[in-house]
1. Are any of the residues in the stretch 28-46 under 22 Å from LYS3 (Cα atoms) and assigned to a helix (DSSP H, G or I)?
2. Every residue in the stretch 12-29 that is touching a helix residue (DSSP H, G or I) at 6+ places or on another chain (Cβ under 6 Å) and among the charged types (D, E, K, R), please.
3. Please verify whether the stretch 7-22 includes one or more residues that are surrounded by fewer than 10 Cβ atoms within 10 Å (Cβ to Cβ), at negative phi and at pLDDT below 95.
4. Do we find a residue being farther than 19 Å from LYS10 by Cα and among the small types (Gly, Ala, Ser) anywhere in the stretch 36-51?
5. Within the stretch 1-27, can you find the residues that are assigned to a loop (DSSP other than H, G, I, E, B) and of a type outside the set (A, V, I, L, M)?
6. Which residues, taken from the stretch 37-56, are of a type outside the set (Lys, Arg) and over 13 Å from the mean Cα position of the chain (by Cα)?
Amino acid sequence: MDKVLFDWLKVLDERELKIVWGYAVGMRRKEIANSLGYSTKWIKLKHDKAITKIICHIAKV
């Protein structure tokens, strides 16, 4: 079970992982954007894409 839960980490690239992790620990979109140097709109799009990747990966398993 642990393998399934943490295997999705390999699906994301480094930026996507930072965005998803930022949301998970309660950071605001503006804080995440400032830490990565991107716009909040870009962060939102990347977050949605990353979540889709995670869901598709877990659905395959």
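The values are calculated or read from the model by the stated rules, or taken from the named source; none is laboratory data. These numbers were taken from a predicted model, which means no experiment stands behind them. Positions of Cβ are generated from backbone atoms using ideal geometry, with glycine treated the same way; all protein chains shown enter the neighbour counts.
1. No - not one qualifying residue is present in the stretch 28-46.
2. Taking the stretch 12-29 as the starting set, the residues that turn out to be touching a helix residue (DSSP H, G or I) at 6+ places or on another chain (Cβ under 6 Å) are 12, 16, 19-20, 22, 29.
Hits for the stretch 12-29 are GLU16, ARG29.
3. Quick first cut of the stretch 7-22, residues surrounded by fewer than 10 Cβ atoms within 10 Å (Cβ to Cβ) only: 10, 14.
From what's left, at negative phi: 10, 14.
If we keep only those that are at pLDDT below 95 as well, we get 10, 14.
There is at least one residue in the stretch 7-22 that is surrounded by fewer than 10 Cβ atoms within 10 Å (Cβ to Cβ), at negative phi and at pLDDT below 95.
4. Yes; the residues of the stretch 36-51 include at least one that is farther than 19 Å from LYS10 by Cα and among the small types (Gly, Ala, Ser).
5. So the first thing to find is which residues in the stretch 1-27 are assigned to a loop (DSSP other than H, G, I, E, B), and the list is 1, 12-13, 25-27.
Scanning the stretch 1-27 gives ASP13, GLY26.
6. Listed by number, the residues that qualify are GLY37, TYR38, SER39, THR40, CYS56.
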